[in-house]
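The structure appears right after this line, and notes come after that.
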Amino acid sequence: MLIAAGDIQTPYEVLGMVHTVVTRTPKTSGCGAPGGLPVQEAYEAAAKALYEAAIASGGDGVIHVAYDYRMSTTNLGCNNVQPAFEVYGWGTAIKTKA
């Protein structure tokens, strides 16, 4: 899986931009149930989604990858809310040349 925050030395063809949004909530849920936000899991899921988008467009990697995030809330369905962690990811899909 080729994912890079910058450029690479290998020759490549640019296929276009790819982007994703991933949301994660605490592992435990319910009205008032405590639980930590899976922040690392969210970033890993965003990286995987970017790579899958590159594959779907005929590529084999993503370069110039960047992320942003925000804290949000989601409805628990019992007149309460829980925190949510959202990761926005984007990059350039590429096809490396042999």
Among the residues of the range 10-22, the number that are of a type outside the set (A, V, I, L, M, F, W, C), surrounded by fewer than 18 Cβ atoms within 10 Å (Cβ to Cβ) and in a strand (DSSP E or B) is 3
Going by the conditions given, is residue 47 at pLDDT 95 or above, in a loop (DSSP other than H, G, I, E, B) and touching a strand residue (DSSP E or B) at 6+ places or on another chain (Cβ under 9 Å)? no
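One line per residue, one yes/no per condition, for (1) modelled with pLDDT under 80; (2) out of contact with any helix residue (DSSP H, G or I) (no Cβ under 6 Å at 6 or more places or on another chain); (3) surrounded by fewer than 12 Cβ atoms within 10 Å (Cβ to Cβ):
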{"site": "5", "(1), (2), (3)": "no, yes, yes"}
{"site": "8", "(1), (2), (3)": "no, yes, no"}
{"site": "32", "(1), (2), (3)": "yes, yes, yes"}
{"site": "40", "(1), (2), (3)": "no, yes, yes"}
Somewhere in the range 65-77, is a residue out of contact with any strand residue (DSSP E or B) (no Cβ under 9 Å at 6 or more places or on another chain), exposed (fewer than 14 other Cβ atoms within 10 Å of the Cβ), under 11 Å from residue 12 (Cα atoms) and without any contact (Cβ under 8 Å) to a residue 60 or more places away in the chain? no
Which ones in the range 58-91 are polar (S, T, N, Q), within 19 Å of residue 22 (Cβ to Cβ) and touching a Gly at 6+ places or on another chain (Cβ under 9 Å)? 82
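The values are calculated or read from the model by the stated rules, or taken from the named source; none is laboratory data. Just so it is clear, the model here is predicted, and its values are computed rather than measured. Neighbour counts run over all protein chains shown; Cβ positions are idealised from the backbone, glycine included.
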